[in-house]
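Working notes, structure below.
The values are calculated or read from the model by the stated rules, or taken from the named source; none is laboratory data. Please read these numbers as outputs of a predicted model, since none were measured by experiment. Because the Cβ atoms are built from the backbone with ideal geometry, glycine has one as well, and the counts that use them run over all protein chains shown.
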Amino acid sequence: MKIADILDSKGRTVHTILPWATVNDAVRRLEQHGVGALVVCDADRRIVGIVSERDLIRELAQRGPALLDLRIEEVMTRKVATASLGEPLETAMARMTGGRYRHLPVLDGGRLVGMVSIGDLVKARLRDMELQTGILRDMYIAAH
């Protein structure tokens, strides 16, 4: 299974935010869209960072309520791991687990085309394993 297969079933909507927006804006968008991370893009839609709920909680612990007035570029993660449409699910899962990422923006030819979460990948992997188990069970029954 490839990353493109996951996006085909879950959709390709990516929620983004500009680097000069405030943390307050990000908090509102996260809640409004029910997502755990926003891709930070410049005016030309190039990825410049990512901001997640986890990033905001860490910053809140350090800075307190004044965090809400800061610009996203002051708190975002700048080094963003990405995936490609043709990347195998297992490769992306290994990178996310190793890097402790929960979200991977997906690029196609350098263009942002989707986002997958670790939950999306686990769900797809479980579906795949259930299908394989069913096939093996059917083969076993047919053989006996």
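Structural remarks
- Tallying residues that are in contact with a strand residue (DSSP E or B) (Cβ under 9 Å, 6 or more places away or on another chain) and of a type outside the set (S, T, Y) within region 31-58 yields 18.
- Listing of helices (runs of 4 or more DSSP H) fully contained in region 22-107 that carry 2 or more residues being out of contact with any Ser or Thr (no Cβ under 9 Å at 6 or more places or on another chain), without any contact (Cβ under 8 Å) to a residue 12 or more places away in the chain and charged (D, E, K, R): 23-33, 53-63
- Restricting attention to region 108-130, the residues being outside any strand (DSSP E or B) and not acidic (D, E) number 12.
- Yes/no for M115 being under 14 Å from the mean Cα position of the chain (by Cα), surrounded by 11 or more Cβ atoms within 10 Å (Cβ to Cβ) and at pLDDT below 95: no
- Being polar (S, T, N, Q) and in contact with a Lys or Arg (Cβ under 8 Å, 6 or more places away or on another chain) holds for only one residue in T13, T22, and it is T22.
- Residues of region 5-17 classified as surrounded by fewer than 17 Cβ atoms within 10 Å (Cβ to Cβ), more than 13 Å from the chain's Cα centre (by Cα) and not hydroxyl-bearing (S, T, Y), total: 2
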